[in-house]
Structure formats: structure tokens, C-alpha cells
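Take a look at the structure below.
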Amino acid sequence: TGSAYQHFIVAPEQYSPSPSYSYSAFGDSFTSGEGETNDEFYENGTNTAANHCHVSMRSYPYLVGNALSLPTINKACSGARTSDVQKVLESYSKGSTANVTPLSSSFTTLSVGGNDIGIMDKLKSCLSLGICEWARQENRHRTAEEIKGLFPTLVELIQQTKETMPNTQLTIVGYPSVTSSDANAKCNVINSTLLDSDERQYFNETLRYLNTILQAAASYTGTLYINIENALFGERLCEANEQGMNGLRWGDDIAPIGALKIIGAESFHPTPWGHARVAQSIISQLTPSWPD
């Protein structure tokens, strides 16, 4: 999207153009920190009418960078697709301009693909009574085919990232499971009304298969893959403790339900506590291979 591209190419003020050892994170809303419970933590310029990138200072890249003592920049943007990241890399590869500083990060994470298959749009279409079209058993293959078709695009993006930043340690990060799909799960009234067990199962299967394709693309390109699928277990939606995930939140970002309320973009994204859990998962898998 236009806003994603705008955010990616403008470096925040705290960014050091040539840190001795730095970390850059690319991705979509699950990396940017969409789901922040306090708007004061969104970086300046990323929560405006023109820019909804929603980059939170409590997102997992900053938590990981702090744990590894790395100067960190989160270049992710809510709504970003693989094409957005590709455009950003192209602009960086052309060298420094007034708004673009050549990348020199020694560590980079990449997590993208959900918006390419319209996962949040599909989720929004399911927020109603009865099972939605996408979650019906006879239609689930359509989403699977979309995800499978992402493989060459992801491979190309990974290769492009390595070419743009040849000295970086690139790591692909998957997506966390966001809800229990157990038919007997104790969902709150809103979640149980808007998302039945079949729809929750559909979204779990969708994210699991997307992670499979991300891991396959990482393996094909000889790139480290980190699996965070279970990072929020026990604290997902429809579990005893839901503090890791936002349910439905009213806001002014996405689309109306009927004529009364509008869905906030933070809906169905990890909370700051959820990002802390994701960061822990990443660090535990990364540390054994981290150079001294």
C-alpha cells in the first residue's frame, strides 16, 4: 500500500546509518506491533490519517534487539505485502538519497505473506453469525492454493534481501497461532458469537500452512527459519488467559459492522504482552546460533 511504502523508506530519527552491529526488521502488522494497547507507544508518524503503519516501541523486534544489545529499527508496516518490501529493498539498493540510507544491518528478520493472501480481509468477512464462505470445508482449498502460490514470490524476496544486504544474517520469522480452535473452548461472548469453532479452525490451518510455505522458502534459499507458532499458547483467544491476543476492538481503522461500530486495526493481533512472548520464543531459538 502507499502508506506502507512511505513508512519503509523514511528512517526514524533514532536510526543510526552505520551502527557497528544492528538489527532491521521487515514485515507486516504482526511485526510492526499492530495490537498496541496504548497509542502513545506507536512511533511518531506511524499512527496518523496518512500513515497507519502502527509501529510500536513494544513490538517484538525492539524487545529482541534489546535482549541482544543491538541497535534496532523496525521497518515493518501494518498492511504491508511482499511487493511493499520489494519496493523498499529496491530503493535502498540504489544508494543514499535525502530520505533513504543504505542498509548496513548485520541481523535482519523478515515476516510477510499474510496480506498477500488477504488474511485479515478473510477474517473480517467471517465476523458475523454463521460460518463464513472461506471457512466452509468445500472452499478451504482456495486459501491453500493462494498460500502455495506465494512460494516463488517469497523465494524471490529472500534472495533480493540477501543481495541488498549481503553481509546480514537473514532470518525468516513465521506467524503465531492466535486462537484456540477447540470446539469446547471457553470463548467470551463476542468471540464465540463472531467466530465459531469451524472459523477458528480455518484461521489456525491458514496460518499453519502459511508458516509451512515460509519455512519451505527459507529452506530453499538456505536461510534460518524461526517457528513462533506456539509462542502464545495458553494466552490466545478462547483460552483461559487471553492476555497475549486482542479480540475485537472498536476503532476507526478498518470497516463497519452494520451501521454502528467500526473494527479497530488492532483487533486479532498480539498485545504488547503477546509480543514479549514472541520475543522470548525468537531469542530462545536464535541464541544457540548467535555469533559471539
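The values are calculated or read from the model by the stated rules, or taken from the named source; none is laboratory data. On a predicted model such as this, the values are computed, not experimentally measured, just so you know. All Cβ positions, even for glycine, are placed from backbone atoms using ideal geometry, and neighbour counts span all protein chains on display. These area figures cover heavy atoms from the full protein model, side chains too; ligands, DNA and RNA do not enter into them. Shrake-Rupley method; radii C 1.70, N 1.55, O 1.52, S 1.80 Å.
Can you sort 40, 34 by 1.4 Å-probe accessible area, starting with the largest?
So, going from the largest accessible area down, we get 40, 34.
Amide H to amide H, which residues 5 or more places from residue 245 or on other chains are under 5 Å from it, using H placed in the peptide plane?
Long-range HN contacts for residue 245: 271.
Convert each backbone phi in segment 66-75 into a coupling constant with the Karplus relation 6.51 cos²θ - 1.76 cosθ + 1.60 (shift: θ = phi - 60°), then list the ³J(HN,Hα) values in order as whole Hz, x for Gly and Pro.
Running phi through 6.51 cos²θ - 1.76 cosθ + 1.60 with θ = phi - 60° gives 5, 5, 9, 6, 10, x, 10, 10, 9, 8 Hz.
Mind listing the long-range amide H neighbours of residue 27? Cut-off is under 5 Å, sequence gap 5 or more, other chains count too, H placed in the peptide plane at 1.01 Å from N.
Hits under the 5 Å cutoff: 76, 77, 111.
For the pair residue 141 and residue 38, what calculated FRET efficiency results from E = 1/(1 + (r/R0)^6), where r is the Cβ-Cβ distance and R0 = 45 Å, to the nearest 0.05?
0.65
Which of 86, 160, 54 sits closest to the plus end of the dipole of segment 49-183, meaning its Cα is farthest towards the positive end, when Lys and Arg get +1 and Asp and Glu get -1 on the C-beta?
Working it through, the farthest residue towards the positive pole turns out to be 54.
Sequence-distant or interchain residues sharing an amide H contact under 5 Å with residue 224, placed H: which?
Answer set, sorted by chain and number: 172.
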